[in-house]
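What follows is one structure encoded as structure tokens, with my remarks underneath.
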Amino acid sequence: MILNDVVWGVVGLLLTIMILSYLIGDNVFFRLAAHLFVGLTAGYMAVLIIRQILVPYLIQPLINGGWVERLWMIGPLALVILLLLSQLPRFTSLGRIPLAYLAGLTAAVVIGGAVFGTLIPQSRAIVEAFDPAVWQADPGQKWFRVLDAVVMLIGTVGVLSYFHFGRKLIPRGGQDAIKKPYPFEVLAGIGQVFIGIALGAVFAGVFSTALLALIDRILFINQIILRLMGAG
Amino acid sequence: MMSKLICPKCSAENSDQSTHCFECEASLAAVAPSDINNFNPSEVEEFDLMQESENDLPGLLSALKQNGDIDAIDDEADGAVEQSPAISQENSLPEQPGQEEQVPDWLNRIRQRASEEEDSVGEITQKISAAQKSLEDDKKAHQHQNFKSWLQNVRGLPPGQAGNPPPQQEDLGDKDAQSPEHDPDWLLRIRKVKGTDPEDEATEPVSISDQGGDSLLQWLVALEEGDEDSQDQLEDTSALELEDDQKTRQTRIVDRDQGSEVTRQVRTTQQTSSRVKPPELHVSREEQNQADQLSAVIGDERAPRPPREPEGKSSAWVIRLVVAVLLITGLSLSLFLGSGGGVPQGALQPHNVAALSWAEELEARSSLLLVFDYQSGFAEEISLVARPILQAVIQSESELSILSSTASGVVLSRQLLGDMAGADGLDIIDLGYFPVSVYGAFSMANRAIPQWRFKNLPELPNLVSGEGFDGALILSDRHDRARVWVEQLNALSPQMPIKLLVTSQAGPMLMPYWEAGQVTGMIAGITEAAGIEALQEDSSVIGNRWQAYRTGSIMLIVVMLIGAVFLVDQNPEDQEMESA
């Protein structure tokens, strides 16, 4: 068991160094590690899907299920076959049917989730922020709550205004023809500030996560070296 | 004596005072007046009617095709094309009385339809019948017994070019009768209008196309043999004419002597074609432009260029390497030589406190759902973030249902729980790999018809919508995937508390869900995890990492500032645009 850990540890160490070799530019070691990663991921995904999706939810019902269950499986099976046939140049057009089904289903799920799980609850949260009962819940932070609600409202309206792509009904000509109406121009400027802050926060998060990943790799390398030296 | 001006363009008659044709408005200034008395109007009509009949033929064939008769016609036509010149000649001759029984079925159907309908097709067919009848009566006439030779004569072609036997001498007289001097005036005018000169045609050498057979084949043979003379001659006619000559033509002619209009059906195969021309190459303007562009590109590619300089790439990787070595060195020093202190205390956010208090107050034997939705590269950060919450959950001896919505989540869940102290005695239900998009689809279906319970399908939708869980913990490295889980679970079971244990990069975009109350607790990133560890007065896990994290952050901020001030990479195109 210990030998097994050491062997895999060394393999992990070598792969880590090969990936880090990209610091000196694209090279064969980096490409080898990248190809290895892509190939392993694809193989692992294939095995995982076969074992955890296709076998329990498609193959077993077809083999062991009753006729009702088998009838239920005809649709998915037909879609699978059409998708496989689409890999042949002669039957490429058949792949549109399962892809259209997937696209429609995904769109329905995403739109439904976005509207009922994000848009409506978020809008309600902004409205409720102006509820005086919320302000009075903590008398010591009343003005902070009010300020928070106002900033939230201005930020929301400003960001939405930034994505307003209309223009003036009666432009005066020149550059004025492509400008938004004046209220939208002002709010869009405010929204731009909020968007910048949000993107900055996202970048800081990505930066932080990447730095932690690097720290983790340094710890891993140190651990493997210590183990190889017999000190770990 | 009445003079008329014959339009050279459309052959219409105009008065001698006209300056432009009343039909096509072509100029008549250069046209000499013609004596109308010497000009038989039926001749002009003959000329026009021939074209008219050709225009009517597609309509006739189209109508027959709709009735399913076209196949018979095609068969007949194909058979006619494949016939020998002798047969073609025979077909071109007027039918003999005894041959009436040999009339093909399609022609009988045409006649029958013509007798019933008075459309253009019927009119043509009636004229065909009338022509046949008239020809039988006129059989004894001395003119135009050989219709084909007469037709060639009309076109101003020498009989040898038809590929058929020469016309009978008794029909057309001696050879002198065929000379242009003996042709009638109207025929000369038509030839003049069409621009054909029988003398020129007669002097042309006999080409391979004159020898009968398939003209296309002859053309290819001529090309292969490199017969220059043949090719020169072939260039005089168009490819369209080649196709037309291979089809059966129907020509209406007018018998001058009888003064009656006579229609004959004439099969003119390619052998009757006088001239064959190779297909012309038509190049549109767009194609010409594309060819020009391609030529320009090729020329540009072949043009000599000065050797490109490396643009300082050698220094770029050195800078990168130096920065990376400095960063790794700094991180290593902080990790292994640091004191491990300095974890921020009192920096807990409300959503951190909510998550922690929920875990600590969890009732024993609670049923929880754990969603593993992160990649292996973020396993360390997720482990730091989830550790305090998972320790509290394990202590409550809750029943855990594990679900992976990423492929690596199956392995990472075992790794994370295996590292936890006391996790061996946990009651764990592994729901396996279950993509979040599939979960959304099942959730939607379950919501649409709650009575449905899918068999042999993932248990999760039924579990969530049925008895449900006492809480859900979502461990994710991406805000969009975590958001989908929040949306679906919140809509499916609004009362179920949802806690998020996410990375730093996912945290900011998920805060609105905490503000809206859709998420009842959240820990994001090492900063918040360090705050919880400080609250628990245990800095053994995060302590050194936190120091290294701070060191690395400062170093990278400095590097970014230096890069922004001194090493802004501007390519020459941007500089040109700015200068412009």
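The values are calculated or read from the model by the stated rules, or taken from the named source; none is laboratory data. It should be emphasised that the depicted structure is a prediction, and the values quoted were computed from it without experimental measurement. Note: ideal-geometry Cβ built from the backbone for every residue, glycine included; neighbour counts use all protein chains shown. Each accessible area value is taken on the protein alone, full model and side chains, heavy atoms only, with ligands, DNA and RNA left out. Shrake-Rupley method; radii C 1.70, N 1.55, O 1.52, S 1.80 Å.
How many nm is it between the label spots at A:L36 and A:R124, if each spot is 7 Å from the Cα in line with the beta carbon?
That separation, rounded to one decimal, is 5.2 nm.
Enter the mean number of other protein chain beta carbons within 10 Å of the beta carbon of each residue in B:375-382, as an integer.
Values: counts 1, 1, 6, 5, 2, 8, 7, 0.
Averaged over the peptide's residues, the number is 4.
If you roll a 1.4 Å probe over segment B:486-549 with all protein chains in place, what percent of the accessible area is carbon or sulfur?
Using a 1.4 Å probe with all protein chains present, segment B:486-549 comes out at 47 percent carbon and sulfur.
Is segment A:81-232 rounded, prolate or oblate when judged by the Cα gyration tensor, a ≥ b ≥ c being the square roots of its eigenvalues, rounded requiring a/c under 1.5 and prolate requiring a/b larger than b/c? Walk me through the numbers on the way to the answer.
Values: a/c = 1.96, a/b = 1.18, b/c = 1.66.
It comes out oblate by the Cα gyration axes.
Could you tally the net charge around B:W485, taking each other residue with its Cβ under 12 Å from the Cβ of B:W485, Lys/Arg +1 and Asp/Glu -1?
Every neighbour counted, the sum reads +1.
With each label point set 7 Å from Cα along the Cα-Cβ vector, what nm distance links A:V11 and A:I190?
5.8
Quote to one decimal, in nm, the extra length available between B:S367 and B:Q495 on full extension: 0.36 nm per residue of separation minus the C-alpha distance between them.
44.7 nm is the gain from fully extending B:S367 to B:Q495.
Put +1 on the Cβ of each Lys and Arg and -1 on the Cβ of each Asp and Glu in chain A; which of A:S161, A:G65, A:L54 then has its Cα farthest toward the positive end of the dipole?
A:S161
What accessible area per residue, rounded to a whole number of Å², is obtained for chain A using a probe radius of 1.4 Å?
68
What is the percent carbon and sulfur in the accessible area of segment B:357-414, measuring with a 1.4 Å probe over the protein chains and ignoring ligands?
44
Residues of segment B:494-538 losing 10 Å² or more of accessible area relative to the isolated chain, 1.4 Å probe, heavy atoms only?
SASA drop of 10 Å² or more in segment B:494-538: B:S504, B:Q505, B:P508, B:M509, B:P512, B:Y513, B:E515, B:A516, B:Q518, B:I526.
Let me check I've understood the local charge: for A:L13, count other residues with C-beta under 13 angstrom from its C-beta, Lys and Arg +1, Asp and Glu -1. What total comes out?
+1
Kindly identify residues of segment A:101-122 having a loss of at least 40 Å² in accessible area between the isolated chain and the assembly of all protein chains, probe radius 1.4 Å.
By number: A:V109, A:G117, A:T118, A:Q122.
On average, how many beta carbons from a partner chain sit within 10 Å of the beta carbon of a residue in A:200-208?
Mean inter-chain Cβ contacts per residue within 10 Å come to 6.
Using Cα centres only, tell me the gap between segment B:487-511 and segment A:39-107 in whole Å.
Here the answer is 30 Å between Cα centres.
Checking an interface number: how much accessible area is buried between B and A, summed over both chains, with a 1.4 Å probe, in Å² rounded to 100?
Result for this pair: about 4000 Å² buried.
Taking the Cβ of A:A33 as the center, what net charge do the other residues with Cβ under 15 Å away carry, scoring Lys and Arg +1 and Asp and Glu -1?
+1
Before anything else, pin down the relative contact order of segment A:7-139: Cα pairs under 8 Å, at least 6 apart, normalised by residue count, whole percent.
It comes to 9 percent, rounded to a whole number.
On the protein heavy atoms, probe 1.4 angstrom, tell me the percent of accessible surface of segment A:125-172 carried by carbon and sulfur. Please list the in-between numbers first.
Numbers: 2470 of 3670 Å².
That share works out to 67 percent.
Could you grab the relative contact order for segment A:45-103? Cα pairs under 8 Å, six or more apart, rounded to a whole percent.
Across segment A:45-103, relative contact order equals 20 percent.
If I model a spin label at B:D185 and A:Y57 as a point 7 Å from the Cα along the Cα→Cβ vector, what separation in nanometres do I get?
My value for the distance between the label points is 9.5 nm.
Relative contact order for chain A: what is it in percent, counting Cα pairs under 8 Å that are at least 6 residues apart?
Numbers: 126 pairs, mean separation 31.8, N = 232.
Contact order relative to length: 14 percent.
What ranking do B:419-429, A:193-203, B:549-559, B:378-388 get when scored by the average of other Cβ atoms within 10 Å per residue, highest first?
Packing order, densest peptide first, comes out as B:378-388, B:549-559, A:193-203, B:419-429.
Within a 10 angstrom radius of each residue's Cβ in A:214-227, how many Cβ atoms of other chains show up on average? Whole number is fine. Could you put the intermediate results ahead of the total?
Working: counts 8, 16, 8, 4, 10, 8, 1, 2, 3, 0, 0, 0, 0, 0.
So the per-residue partner count for this stretch is 4.
Please report, ordered by residue number, every helix of chain A (full DSSP H runs) that is 15 Å or longer along its axis going by C-alpha atoms and whose mean Kyte-Doolittle hydropathy reaches -0.5.
Within chain A the helices that satisfy the rule are A:2-20, A:28-49, A:67-85, A:96-114, A:142-162, A:182-228.
Given A:L82, A:V186, A:V6, which one lies farthest toward the positive end of the charge dipole of chain A, if we put +1 on the Cβ of every Lys and Arg and -1 on the Cβ of every Asp and Glu?
Checking the options against the dipole of chain A, the answer is A:L82.
Taking R0 as 30 Å, what FRET efficiency do you get between B:A316 and A:F220 from their Cβ-Cβ distance, rounded to the nearest 0.05?
Taking R0 as 30 Å, the efficiency between B:A316 and A:F220 is 0.60.
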